[in-house]
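The values are calculated or read from the model by the stated rules, or taken from the named source; none is laboratory data. Only a predicted model underlies this, so the values are computations on that prediction, with no experimental measurement involved. All Cβ positions, even for glycine, are placed from backbone atoms using ideal geometry, and neighbour counts span all protein chains on display. We work out accessible area using only protein heavy atoms, side chains counted, and drop any ligands, DNA or RNA first. Shrake-Rupley method; radii C 1.70, N 1.55, O 1.52, S 1.80 Å.
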Amino acid sequence: MAVEAVMTETQLVTGGAGFIGSNYVRRVLATTADRIVIVDKLTYAGNLATLRDVMSNPLVEFIEADIVDTEKMSQLFETYAPRVAINFAAESHVDRSIDGPRNFVQSNTVGVFELLEAASRYWSRLSGTQKDRFRFLQVSTDEVYGSLGDEGEFSEDSPYDPRSPYSATKASADHLVRAYNETYQLPTLITNCSNNYGPYQYPEKLIPLATLNGAAGKKIPVYGDGKHVRDWLHVFDHCRAISAVLESGRPGSTYNIGARNERTNLEITELVCDALEELLPAAENPELAAVPSDQSPANGASPSYRDLITFVEDRPGHDYRYAINPTKIERETGWAPRVSFEKGLKETVKWFFDHPRWCDEVKDGAYGGERLGLGLTR
Ligand SMILES: NC(=O)c1ccc[n+]([C@@H]2O[C@H](COP(=O)([O-])OP(=O)(O)OC[C@H]3O[C@@H](n4cnc5c(N)ncnc54)[C@H](O)[C@@H]3O)[C@@H](O)[C@H]2O)c1
């Protein structure tokens, strides 16, 4: 009986040492026989500690490089001949984009341009099924659509209206990706996803920061009145959606990804506090004994993580509400979210609670929990 060789394909994953990229790498290794070439500049947000469990896998190749380096990117396309390239690489924190937009323009816009140049040069020289099957997928955000009022949701036809330096650079990148499809027929895909949560998120973002501060008995900052609304999706569901779009998305198309799961920032923070309470009751947490008196409960009541919630000055230009209509991806690819929010959030809080070493390693002096995004360093 003839044994059919299993053809291993290669995925080029830029930004794979970050939060979503590393989760995507794990998913691909768990569900396919593909080789993965991870390219990452290892900025403050990218860390090899995030890839520790996959680095020794013979299907994984790691290359430290900047996507702005077009010669290097071209060389990687030629050397590894990927079937797909997925770009997760970006400066991703809105607050940092307010304090210093330059890196955002470089990585999020110029970097995507250089990557598109390298990809299109490579793709134009392919032929046959190799050419037909190549895809370039740009991982983008719902923030390109701007801010909603109390009603409505973003669809793929919503006009672009970015309002922070971060979302403006991501929007510029999306326009370039669309232009490379229209002009050079590069088979591109764009995914615009809502807020992600899950393991390996850099501890400056809302859920890990609230978890770590709460566990340490520190103030848990909530911007403004806490009523800003975000649409939350577990990172595992986002990664499944990317696989679905790569598999059956139409080249040249955009897909919005979300789980119809709107929550205010205050609600998220309170849920993190409640999840912490289940893991380690505040009354038994020695760190809470040291909570300053202005936050400790009046009349001798038991301490509670919720007492640590502190309203702080709002982010300048803070978008009020995002909400995604995911009908198109559901209809065209059959994708639907699977992780229940209640369970996913509890597991995420537990993950950060259980991984203090990873948190310390990735912060590595680059982030000490300080307030960012007031533009004070400009
Ligand atoms: N986190 C979210 O909620 C969310 C939601 C929607 C879309 N996105 C998008 O998903 C992508 C990944 O986001 P994330 O949360 O994992 O971000 P992250 O900050 O955790 O990871 C980004 C990674 O990109 C790398 N990187 C940055 N600039 C680079 C460059 N010039 N060259 C090579 N590597 C570079 C960093 O080192 C890091 O490993 C981003 O494009 C982001 O805009 C994120």
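When you look at Glu91, is it closer than 21 Å to Gly111 by Cα and open to solvent by 20 Å² or more (accessible area, probe 1.4 Å), yes or no?
Judged against the criteria, Glu91 is not a match.
From the residues in region 218-237 that are in a loop (DSSP other than H, G, I, E, B) and open to solvent by 10 Å² or more (accessible area, probe 1.4 Å), which one is nearest to the ligand (Cβ to nearest atom)?
Among those residues, the one meeting the criterion is His228.
Go through region 71-88 and give me each residue that's open to solvent by 40 Å² or more (accessible area, probe 1.4 Å) and assigned to a helix (DSSP H, G or I).
Scanning region 71-88 gives Glu71, Lys72, Gln75, Glu78, Thr79.
Could you check, for region 154-162, whether at least one of its residues is more than 20 Å from Phe19 (Cα to Cα), more than 10 Å from the ligand (Cβ to nearest atom), open to solvent by less than 50 Å² (accessible area, probe 1.4 Å) and assigned to a helix (DSSP H, G or I)?
no
Being open to solvent by less than 10 Å² (accessible area, probe 1.4 Å) and either over 16 Å from the mean Cα position of the chain (by Cα) or more than 23 Å from Asp69 (Cα to Cα) (or both) is the filter here, so list the residues in region 25-37 that pass it.
Val28, Ile36, Val37
Scan (1) of a type outside the set (Phe, Trp, Tyr); (2) at pLDDT 95 or above; (3) farther than 23 Å from Arg163 by Cβ for the single condition Gly258 breaks and write down its number.
It is condition (3) that Gly258 fails.
Condition first: of a type outside the set (A, V, I, L, M, F, W, C), within 12 Å of the ligand (Cβ to nearest atom) and touching a helix residue (DSSP H, G or I) at 6+ places or on another chain (Cβ under 6 Å). Now tell me which residues in region 175-201 satisfy that.
Within region 175-201, Thr191, Asn192, Ser194, Asn196, Tyr197, Gly198, Pro199, Tyr200, Gln201 meet the criteria.
Please enumerate the residues belonging to region 183-213 that are closer than 14 Å to Leu345 by Cβ and either among the charged types (D, E, K, R) or part of a strand (DSSP E or B) (or both).
Asn195, Asn196, Tyr197, Lys205
In region 291-341, what count of residues is obtained for those that are at pLDDT below 90, within 29 Å of the chain's Cα centre (by Cα) and among the small types (Gly, Ala, Ser)?
Qualifying residue count, region 291-341: 1.
Looking at region 89-117, which of its residues are within 21 Å of Val25 (Cα to Cα), of a type in the set (Ser, Thr, Tyr) and assigned to a helix (DSSP H, G or I)?
Within region 89-117, Ser107 is the sole residue that qualifies.
For Gly111, indicate whether it is among the small types (Gly, Ala, Ser) and more than 21 Å from Glu247 (Cα to Cα).
Considered against the rule, which asks whether it is among the small types (Gly, Ala, Ser) and more than 21 Å from Glu247 (Cα to Cα), Gly111 comes out as yes.
Note down all Cβ pairs under 6 Å where the first residue falls in region 127-148 and is acidic (Asp, Glu) and within 10 Å of the ligand (Cβ to nearest atom), the second is assigned to a loop (DSSP other than H, G, I, E, B) and at pLDDT below 95, and they're at least six residues apart or on different chains.
Asp142/Tyr322
Which count do you get for residues in region 118-137 that are open to solvent by less than 40 Å² (accessible area, probe 1.4 Å) and either of a type in the set (Ser, Thr, Tyr) or assigned to a loop (DSSP other than H, G, I, E, B) (or both)?
So the count comes out to 4.
Say we look at region 9-59 and pick out the residues that are β-branched (Val, Ile, Thr) and part of a strand (DSSP E or B); which of these is farthest from the ligand (Cβ to nearest atom)?
Looking at residues that are β-branched (Val, Ile, Thr) and part of a strand (DSSP E or B), I get Thr10.
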